[in-house]
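**Q** Provided herewith is a single structure, encoded as structure tokens, for subsequent inquiry.
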Amino acid sequence: MAILEIKNVSQEFGGLLALDRVSMTVEKGEIFGLIGPNGAGKTTLFNLITGIYRPSSGEVWFQGRSIGGLRPYRIATVGIGRTFQNIRLFKKLSVLDNVRVGMHSVSRAGFVSAMLHTPWAVKREKVTCEKSMALLKLVGLENKAIELAGSLPYGEQRRLEIARAMALEPSLLLLDEPAAGMNATEKEELLVLIRRIREMGVTVLLVEHDMNVVMNICDRIAVLDYGRKIAEGTPEEIKNNPRVIESYLGVEL
Amino acid sequence: MEAFILQYVDIYVLQIMVLIGINIIMALGLNLITGVTGQLSMGHAGFMSIGAYTSAILSLHYGMPFWFCLAAAGLMAALAGVFIGIPTLRLEGDYLAMVTIGFAEIVRVVFLNLDIAGRGMGLSGIPATTNFTLVWGLVIVIVLLNAGLLKSRPGRALYSIREDEIAAEASGVNTTLYKVVAFAIGTFLAGIGGSLYAHYLTYISPQDFDFMRSVEYLNMVVLGGMGSIPGTILGTVILTILPEVLRFVQDYRLLFYGALLVTLMIFRPNGLLGDVRWIDVKRTWARIRGQSLASSSSDS
Ligand SMILES: Nc1ncnc2c1ncn2[C@@H]1O[C@H](COP(=O)(O)OP(=O)(O)O)[C@@H](O)[C@H]1O
Ligand SMILES: [Mg+2]
């Protein structure tokens, strides 16, 4: 069953066609890879799916409903979490608070109950805290809960972004180059983490340059080049696709 | 209460204590907008004047009881806040700064030309209903509510907007709504502060609420530490007392504020208490105690 359908989507930036009639379907439960050279339009596609841009043309469907044109917070609320290629953490908030903000749409306490410290709000707060700690444990940051997010090393910041995105209990998780800047050990841990996330029932759409990571965990892969989809298939098929080798993978694979 | 305090300090000091309380209410409002949510408002005095005039007019011309005037002052200021906040806060970028400067100036000119507001003469003979007990009672209530807000779900959402608006939206925060609500609460507090001010001095005029006053409130928040309640209170106390202590530099106040802020930006760019967290204080304290325990045990 399809969880995300991108139908003939184009995105133009003042004459530049960043995405050119791209279509793809992500199935529920899979890890779907999106690769392509720098400037191919991968991040732009993420921004389209999450409502930061409105597509110049085409449609985006999520779980059977059109989400094109919804505000980003609405799209997050219906169940699409994401991380950013250029890490966007709440730097001066604690690690725990970053995840707790991620739980915003899951918990409901409002202004009045918060100000008055009603027993209900206090209880919600406790639940939020426990769930957030569980997510920090998932990404291995449970001992850093009270540190400021901005003080974490790079690899941990990327993992914290994943925990924050998981906090909104998404059914689809978009990861934009999660392995960027990680060393070999961290990449290994990341592979384990992404597999665990899939086991939790979350579908993953992954943009990544590290071919080891991509070929290892993706069920299917789509390749973008100059805003166009030039190939789609299993890792084996992509590795052996002459067009992909020519435009992206080069000779070493 | 007043009589009790006057046993220890003279009337002049009591007056400053009341003004500190009023300024804390004002500055906490601005802190919510600018310090916590990161939306630069430079017209806080404009909302204060709406509160002050609403309250003064209702009690002078319509004989309304003070409690009614106080509530109406807060609501009118918040209404004005929502009115200019909704179109402005939806836009990206710092339009709010420009719009609030312009708005406060318009408000000032309107009161300057309004008969019912006494034109340039202002209004005098406003019932003196504000006193120490009322002001500091309100300060305590407002600090408690504010603290409850900031350490819960909506408060964290406000901080997240300051930190990164795009990431806040991606986390499910309706940033426009939250910015408008923060602005409404902040301007409500400015209206309350204005009402208390009018009923304390018993005389108000448009000059009381000029651009310089807005800048002073901004200075209090920035000096103390953006987004921190203890910081804002500290900044307010310092900047309310300093001009009194330094009466001889009155003419150079602008210069003085400028120099103070530049010095601060160099030595404490996040304000006096802006980056001090209670949890770090506790950790440091635990470390110091741990060390002294360790050294005393190694001595023996
Ligand atoms: N907001 C924008 N305004 C103008 N051009 C943009 C914008 N965002 C992306 N682009 C352009 O769109 C193209 C695709 O960029 P991007 O999606 O970031 O590529 P990728 O993530 O695949 O490296 C690039 O040429 C980039 O310069
Ligand atoms: Mg990119």
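The values are calculated or read from the model by the stated rules, or taken from the named source; none is laboratory data. From a predicted model like this one, the values you see are computed outputs, not experimental measurements. Cβ atoms come from the backbone with ideal geometry, glycine included; neighbour counts cover every protein chain shown.
**Q** Just for helices (runs of 4 or more DSSP H) wholly inside segment A:76-144: which have at least 3 residues that are charged (D, E, K, R)?
**A** On the way: elements: A:95-102, A:111-116, A:119-138.
Output list reads A:119-138.
**Q** So which of A:Ile80, A:Ile49, A:Ile75 is within 13 Å of chain B (Cβ to nearest Cβ), within 16 Å of ligand 1 (Cβ to nearest atom), within 18 Å of A:Thr203 (Cβ to Cβ) and surrounded by 15 or more Cβ atoms within 10 Å (Cβ to Cβ)? Write out each step before concluding.
**A** Numbers: A:Ile80 fails: within 16 Å of ligand 1 (Cβ to nearest atom); A:Ile75 fails: within 16 Å of ligand 1 (Cβ to nearest atom).
Result: A:Ile49 is the single residue among A:Ile80, A:Ile49, A:Ile75 that is within 13 Å of chain B (Cβ to nearest Cβ), within 16 Å of ligand 1 (Cβ to nearest atom), within 18 Å of A:Thr203 (Cβ to Cβ) and surrounded by 15 or more Cβ atoms within 10 Å (Cβ to Cβ).
**Q** Let me ask something else about it. Quick check on my filter: what residues within segment A:27-37 are more than 15 Å from ligand 1 (Cβ to nearest atom) and either at negative phi or within 14 Å of another protein chain (Cβ to nearest Cβ) (or both)?
**A** Taking segment A:27-37 as the starting set, the residues that turn out to be more than 15 Å from ligand 1 (Cβ to nearest atom) are A:27-32.
Residues satisfying the conditions are A:Glu27, A:Lys28, A:Glu30, A:Ile31, A:Phe32.
**Q** Here is a further query. I need the full set of residues from segment B:129-146 which are part of a helix (DSSP H, G or I) and either touching a residue at least 12 places away in the same chain (Cβ under 8 Å) or aromatic (Phe, Trp, Tyr) (or both), in order please. Lay out the reasoning, then the answer.
**A** Taking segment B:129-146 first, the residues part of a helix (DSSP H, G or I) are B:132-146.
Answer for segment B:129-146, where residues must be part of a helix (DSSP H, G or I) and either touching a residue at least 12 places away in the same chain (Cβ under 8 Å) or aromatic (Phe, Trp, Tyr) (or both): B:Phe132, B:Thr133, B:Leu134, B:Val135, B:Trp136, B:Leu138, B:Val139, B:Ile142, B:Val143, B:Asn146.
**Q** Let me ask something additional. Can you work out which of the residues in segment A:1-39 that are within 16 Å of ligand 2 (Cβ to nearest atom) and part of a loop (DSSP other than H, G, I, E, B) is nearest to A:Val214 (Cα to Cα)?
**A** Selected residue: A:Gly36.
**Q** May I pose another question? Quick one: is A:Glu177 within 16 Å of ligand 1 (Cβ to nearest atom) and touching a Lys or Arg at 6+ places or on another chain (Cβ under 9 Å)? So that I can check it myself, show each step before the final result.
**A** Working: within 16 Å of ligand 1 (Cβ to nearest atom): yes; touching a Lys or Arg at 6+ places or on another chain (Cβ under 9 Å): yes.
For A:Glu177, the condition - within 16 Å of ligand 1 (Cβ to nearest atom) and touching a Lys or Arg at 6+ places or on another chain (Cβ under 9 Å) - is met.
**Q** Mind listing just one residue for me: the one in segment A:43-99 that is in contact (Cβ under 8 Å) with a residue 24 or more places away in the chain, within 16 Å of ligand 2 (Cβ to nearest atom) and over 16 Å from A:Val26 (Cα atoms) and, of those, farthest from the chain's Cα centre (by Cα)?
**A** For segment A:43-99, the residue satisfying everything is A:Tyr53.
**Q** Sort out which residues of segment A:148-181 are more than 16 Å from ligand 2 (Cβ to nearest atom) and not in a helix (DSSP H, G or I), and write them in order of number. Walk me through how you get there before you give the answer.
**A** Taking segment A:148-181 first, the residues more than 16 Å from ligand 2 (Cβ to nearest atom) are A:148-157, A:159-160, A:162-173.
A:Leu148, A:Leu152, A:Pro153, A:Ala167, A:Leu168, A:Glu169, A:Pro170, A:Ser171, A:Leu172, A:Leu173 - these are the residues of segment A:148-181 that are more than 16 Å from ligand 2 (Cβ to nearest atom) and not in a helix (DSSP H, G or I).
**Q** Please determine whether any residue of segment A:142-151 is more than 8 Å from every other protein chain (Cβ to nearest Cβ), under 25 Å from B:Gly225 (Cα atoms) and without any contact (Cβ under 8 Å) to a residue 40 or more places away in the chain.
**A** Yes, segment A:142-151 has at least one match.
**Q** Any idea which residue in segment A:8-26 is nearest to the chain's Cα centre (by Cα), counting only those that are more than 9 Å from ligand 1 (Cβ to nearest atom) and crowded, with 22+ Cβ neighbours inside 10 Å?
**A** Top of the filtered list is A:Val26.
**Q** Does B:Thr284 satisfy being modelled with pLDDT of 80 or more, exposed (fewer than 12 other Cβ atoms within 10 Å of the Cβ) and in a helix (DSSP H, G or I)?
**A** On the way: modelled with pLDDT of 80 or more: yes; exposed (fewer than 12 other Cβ atoms within 10 Å of the Cβ): yes; in a helix (DSSP H, G or I): yes.
Spelling it out, B:Thr284 is indeed modelled with pLDDT of 80 or more, exposed (fewer than 12 other Cβ atoms within 10 Å of the Cβ) and in a helix (DSSP H, G or I).
**Q** When you look at A:Leu136, is it touching a residue at least 40 places away in the same chain (Cβ under 8 Å), at the interface with chain B (Cβ under 8 Å from one of its Cβ atoms) and crowded, with 17+ Cβ neighbours inside 10 Å, yes or no? I'd like the intermediate steps shown before the answer.
**A** Values: touching a residue at least 40 places away in the same chain (Cβ under 8 Å): yes; at the interface with chain B (Cβ under 8 Å from one of its Cβ atoms): no; crowded, with 17+ Cβ neighbours inside 10 Å: yes.
It is false that A:Leu136 is touching a residue at least 40 places away in the same chain (Cβ under 8 Å), at the interface with chain B (Cβ under 8 Å from one of its Cβ atoms) and crowded, with 17+ Cβ neighbours inside 10 Å.
**Q** If you don't mind, another one. Let me spell it out: the conditions are (1) crowded, with 22+ Cβ neighbours inside 10 Å; (2) away from ligand 1 (no atom under 13 Å from the Cβ), and A:Ala40 meets all of them except one. Which number is the exception?
**A** That leaves (2) as the condition not met.
**Q** Please verify whether segment B:148-159 includes one or more residues that are at pLDDT 95 or above, over 13 Å from A:Gly110 (Cα atoms), part of a helix (DSSP H, G or I) and within 14 Å of chain A (Cβ to nearest Cβ).
**A** Scanning segment B:148-159, I find at least one residue that is at pLDDT 95 or above, over 13 Å from A:Gly110 (Cα atoms), part of a helix (DSSP H, G or I) and within 14 Å of chain A (Cβ to nearest Cβ), so the answer is yes.
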